[in-house]
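Here it is, the structure, as structure tokens.
Here, each number is a calculation from the coordinates, and none is a lab measurement. Owing to the predicted nature of the structure, the values given are computational and were not obtained by experimental measurement. Cβ placement follows ideal geometry from the backbone for every residue including glycine, while neighbour counts extend to all protein chains displayed.
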Amino acid sequence: MYKTIDAFMETVISKNPGQDEFHQAVREVVESIWEHLQDNPQYLHTKILDRLIEPERVIMFRVPWRDDQGMVQVNRGYRVEFNSAIGPYKGGLRFHPSVSLSILKFLGFEQIFKNSLTTLPMGGGKGGSDFDPKGKSENEVMSFCQSFMTELNRHIGPVTDVPAGDIGVGGREIGYMFGQYKRIRNEFTGVLTGKGLNWGGSLIRPEATGYGCVYFAQKMLQTKGDSFKGKTVAVSGSGNVAQYTTEKVIELGGKVVTLSDSSGSIYDSEGIDSEKLQWVMDLKNVRRGRMKEYTEKFGGEYWDGKRPWGAKCDVALPSATQNEINKEDAETLVKNGCICVAEGANMPSDPDAIDVFLGNKILFGPGKAANAGGVAVSGLEMSQNSILMSWSREEVDEKLKNIMSSIHDACEKHGKDGDFINYVKGANIAGFIKIADAMMDQGVV
Ligand code: NDP
């Protein structure tokens, strides 16, 4: 039995050397649930925490493919099947050069708690590859996806492990991988989510993470009697999550003034309206261009190599990648009057930044709660696939709103401290209890 959090973390670090992102994700959870563990010794005797941080299975594999010049390329593929206590493994695939075992373990670990919070029966997993779809032709992306699925198909299935998209994996990549799965296994099943609408996808799935994050932030603002109306909002990223986050903020009467990509940020003091957003969607999803082009088209400022957190805003919705807000960024946001941060991305705020937000008692919604809308609608896609039905846009959107609201209530229940809600603590404890109890029920496995 560990006497302190540091003693526990020492073991985690020595067993998983060099996996900094994974250590960071584990520490955040352990710090939040430590007191709850001491009050509930049944979890300690059965070593739930030790079991929880050990993935049930990690698969690593070679992904060879040929580029347009006929040259052989080799990437590395992964699937981390982390925890299946409450359902089949569920979590996205990320294709990005930065992908490593550490990043996928942090994402898979977070996914366990997130999926638990959705109230749907889904375990936690994550996968991907260090393949970079940027700058590749359609043919190269297809060749890679087919090779990736040629190996992955033997490890997944509609009641075993159901991957979805993440950074670098959108509708196009899901399509190529689904096609290859079907071809190899000769079965049309809901083995991936984020599918196209006419071949098993769910309405609102592309919008779900962004919309869900804004619904969550709206609930947070409501606890202060406030709303998005008239608020200035900073959004980072310009991919799937950032696009639909922006769309929903505009609909609720807020003004989004920033977007970004891995090269830099744009600042538009007039606000990104629906027309400009449509142009961004075309730029990023069809032409696959860079955000710099925005200022050439619409004016405003381009901040080369910089993140958007220098912009004055009331609400910040980080929607690009992990560790994109550091202590200094967080201090700038608070100094400039930001009252609410809801994480559309996974772990975008580093631990020092979180300390700044919590220390200043602003509303801070961690990714595992605020961005759970994506996986929630993936769960709804799985339900629709199993009953061979499609629900309407309104039905799915209503269910999404209800799920985000119940996640908010769970965070409030376990994180309320006087008139302050610590959403980090609330999300971690609520997510943990459900998983830990299921693991206890199922014995030492
Ligand atoms: P996309 O690939 O659609 O977009 C990612 C965006 O983030 C792009 O604008 C990209 O810029 C930018 N970005 C990626 N890596 C970096 C980096 N290292 N530094 C700066 N910018 C970067 O991904 P999603 O929108 O799907 O995912 C965004 C975040 O949301 C991720 O953290 C993901 O895990 C999380 N998330 C996504 C869900 C989903 O349903 N898609 C569900 C829950 C969480 P560029 O164009 O230059 O690559």
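Which pairs break 30 Å Cα to Cα here: LYS255/LYS361; LYS15/LYS399; LYS126/LYS335?
Check vs 30 Å cut-off fails for LYS15/LYS399; LYS126/LYS335.
Tally Lys and Arg at +1 and Asp and Glu at -1 over the other residues with C-beta under 10 Å from the C-beta of ASN326: what net charge comes out?
For residues surrounding ASN326, the net value is -4.
For all pairs of alpha-carbon atoms in the range 8-130, what percent lies in each bin of width 5 Å, listed from the first bin to the last filled one?
Taking all Cα pairs of the range 8-130, the binned fractions are 2, 11, 18, 20, 19, 13, 7, 5, 3, 1, 1, 1, 0 percent.
From the P(r) of the chain, can you give the percent of Cα pairs sitting at distances over 33 Å?
31
Here is a follow-up. Could you tell me what a quarter of the Cα convex hull surface of the range 349-412 works out to, in nm² with one decimal place?
It is 5.3 nm².
What does the charge count near VAL445 come to, summing +1 for each Lys or Arg and -1 for each Asp or Glu among other residues with Cβ under 15 Å from its Cβ?
Value of the local net charge: -3.
Taking neighbour Cβ counts within 10 Å as the exposure measure, how do GLU343, GLU275, GLU398 sort from fewest upward?
Ascending Cβ contact count within 10 Å gives the list GLU275, GLU398, GLU343.
Need the C-alpha centroid separation for the range 172-245 versus the range 27-54, integer Å.
Each part reduced to its Cα centre gives a spacing of 31 Å.
If you don't mind, there's one more thing I want to ask. Ranked by Cβ crowding within 10 angstrom, fewest neighbours first, how are TYR423, TYR267, TYR244 ordered?
The order, fewest Cβ neighbours first, is TYR267, TYR244, TYR423.
If you don't mind, another one. State the three equivalent ellipsoid semi-axes of the range 296-359, derived from the C-alpha gyration tensor as the square roots of 5 times its eigenvalues, in descending order and whole Å.
21, 14, 11
With the cut-off at 28 Å, tell me which of the pairs LYS195/LYS284; LYS90/LYS219; LYS182/LYS401; LYS114/LYS276 have Cα atoms farther apart than that.
LYS182/LYS401; LYS114/LYS276
What residue among GLY379, GLY271, GLY91 shows peak mean-square fluctuation when the chain is described by a Gaussian network model with Cα springs under 10 Å?
Of the options given, GLY271 has the highest mean-square fluctuation.
Okay, next question. Tell me the mean residue ellipticity at 222 nm calculated for the chain from its helices only (DSSP H runs of n ≥ 4, each -39500 (n - 2.57), averaged over every residue, nearest 500).
Calculated at 222 nm, the ellipticity per residue is -15000 deg cm²/dmol.
Can I ask one more? Search the structure for amide H atoms under 5 Å from the amide H of LEU259, placed 1.01 Å from N in the peptide plane, and list their residues when 5 or more places away or on another chain.
Residues meeting the criterion, in which the H sits 1.01 Å from N, are ILE266.
Same structure, new question: Could you list ILE204, ILE103 so that the one with the fewest beta carbons within 10 Å of its beta carbon is first and the one with the most is last?
Ordered by Cβ neighbours within 10 Å, fewest first: ILE204, ILE103.
Next question. Write out the trypsin sites (Lys or Arg not before Pro) in the range 100-175 meeting two conditions: DSSP loop, and at most 16 other Cβ atoms within 10 Å of their Cβ.
Those satisfying the criteria are LYS134.
Report the local net charge at SER405: Lys and Arg +1, Asp and Glu -1, summed over other residues whose C-beta lies under 14 Å from its C-beta.
It works out to a net charge of 0.
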